[in-house]
Structures are given as C-alpha cells and as structure tokens.
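What follows is one structure encoded as structure tokens, with my remarks underneath.
Please treat every number below as a calculation from the coordinates, not as lab data. In this text the structure is predicted, and so the values were computed from the model without any measurement. Glycine also receives a Cβ, built like all others from the backbone with ideal geometry; neighbour counts cover every protein chain displayed.
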Amino acid sequence: AEVRELLDNRTTLLAGISHDLRTPMTRLQLNLEMLRDAPSPARIDRAVADLADMNKLITGYLELARTTQTETKVRIDLAVLLEEVAADAGLPWAGAAPCEIEAGRLALRQIVSNLIQNAQRYGGGTPVELVLECADRQARVSVRDAGPGIPGDQLEKVFRPFYRLETSRSQATGGTGLGLAIVRQLAETNGWKVSLKNRATGGLEAVLEVRR
C-alpha cells in the first residue's frame, strides 16, 4: 500500500509539473513569435513574467523533493523560532515562554511558515492565531483562522500534491498546491505529526506536534 501510494504521488507530481509548466511555456512561445514581427517592451515584460512563474513552480517542486532528506537536529528554543516566523509573515504574536527542543531548524521554519501562509490565503481575511503549548514530552504548535474551514472528507486529501479545494489551479487564487504536501512530507521525515481540523467556533486549526 505504501509503495502504491508513493507511485501514485510521483505520477501526480509529474502530471502536475507537465500541466503547470505547459501554460507559461505556451504564452512564452507565443510572445517570442510575435516579437519577430513587432518588437514590444510590453511583450518582453510578459515573457519575463512567464519565466518568473516557471522558476517559482520549479522551486516548489525542488522543495518537495528535498523533504525526504533528514535534517541534523540542533537544540533550539521553539518560542524564539516562532517569533521569527511570525515577524516574517507579518503576524502579530504575543510570544510564549521558552520551549527548548531538539529538531531540524529549517524544517520547523518551513512547516510553520507554510501553515501560516495557508491560513492567511484561505482564511477569508480573518485574523490568524499562532499558539505554542509546551508540555514535558511534546511541543504543540497551532495555527488557527476563522475562515470557511475545509469539508470533513477532504481534511486529509489536501495534503496530497496538487490537491486544491479551488479547482482552477490558478496561481493568482492559490499557488501551486504543494504547500501542505511539503508540510506533511517534512513532518513525516522528521518524525513529527501534522493534522488539520475544523474548529467548533468556525474556521480551521492546523496542529504540529513535536516530541521534546
């Protein structure tokens, strides 16, 4: 079952790469053909924008590929790391008491950053809340919003590569569809747990659990 799931994910990944790169490549080819007859700064700008889109897509694929590599663990204060991530995301955060853990710093940063970005993008403009709970054996990071949430039967499906509730696959409305896939793969590689659940008061809560 695990091998079948891995093959299905790889097939989906390759299909997604082909789909997402084909559109900017087609636009780029069209602009280049039109530039033969009528040089235009506007067309050059559009071609440059298409190349930037392609680079963004490829960067996302490479990030997903790297998530299978285990990062060296270091001693870090999770409260300090969350403060840095919140500041980078423009998210107000009151801070928390020190919570030292041994973990891969880059993996933690990327997981929390992706969860915050997901909440900011799909939370319907509602305030995003970042919470740290530090127990003896486990640290728990929660990212909460008060948006529309996710249908219960899709709470696990959204972790699949390219699976998106918004079906147009337009980057203007939701990116590449790899953010949560990267989150899940990073968590599993490092022995952590990440999950989503709808809040009783409305909205979505993403939870990352890390053993101390």
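With the cut-off at 1.5 for a/c, could you classify the stretch 52-161 from its C-alpha gyration tensor as rounded, prolate or oblate?
oblate
So which lysines pass the test for LYS73, namely a Cα distance under 22 Å, with those fewer than 8 places away in the same chain ruled out?
LYS193
Once the Cβ-Cβ distance between LYS197 and ILE58 is put in as r, and R0 is 30 Å, what FRET efficiency do you end up with, to the nearest 0.05?
0.35
Would you mind counting up the charge near ARG144? Only other residues with Cβ under 13 Å from its Cβ, with Lys and Arg at +1 and Asp and Glu at -1.
Neighbour charge sum, excluding ARG144 itself: -1.
Go through (i) 19.5; (ii) 18.9; (iii) 18.4 and flag the label whose value is the computed Kirkwood radius over Cα pairs in Å for this structure.
(ii)
Order of 43-49, 124-130 by packing, highest average Cβ count within 10 Å first?
Averaged packing, sorted descending, gives the order 124-130, 43-49.
Please get the size of the charge dipole for the chain, origin at its Cα centre, with Cβ charges of +1 on Lys and Arg and -1 on Asp and Glu, quoted in debye to the nearest 20.
320 debye
Select from MET34, LEU208, CYS134 the residue farthest towards the positive end of the dipole of the chain; place +1 on Cβ of Lys and Arg, -1 on Cβ of Asp and Glu, and compute about the Cα centre.
After comparing all options, I get MET34.
Name all residues of the stretch 177-194 having a backbone nitrogen under 12 Å from the label point set 7 Å from the Cα of THR72 along its Cα→Cβ direction, giving them as ranges.
none
Once every DSSP H run of n ≥ 4 in the chain is given -39500 (n - 2.57) and the sum is divided by its residues, what mean residue ellipticity at 222 nm do you get, rounded to the nearest 500 deg cm²/dmol?
It comes out at -17000 deg cm²/dmol, rounded to the nearest 500.
When a/c reaches 1.5 or more, the comparison of a/b and b/c decides; with that in mind, is the stretch 62-112 rounded, prolate or oblate per its Cα gyration tensor?
oblate
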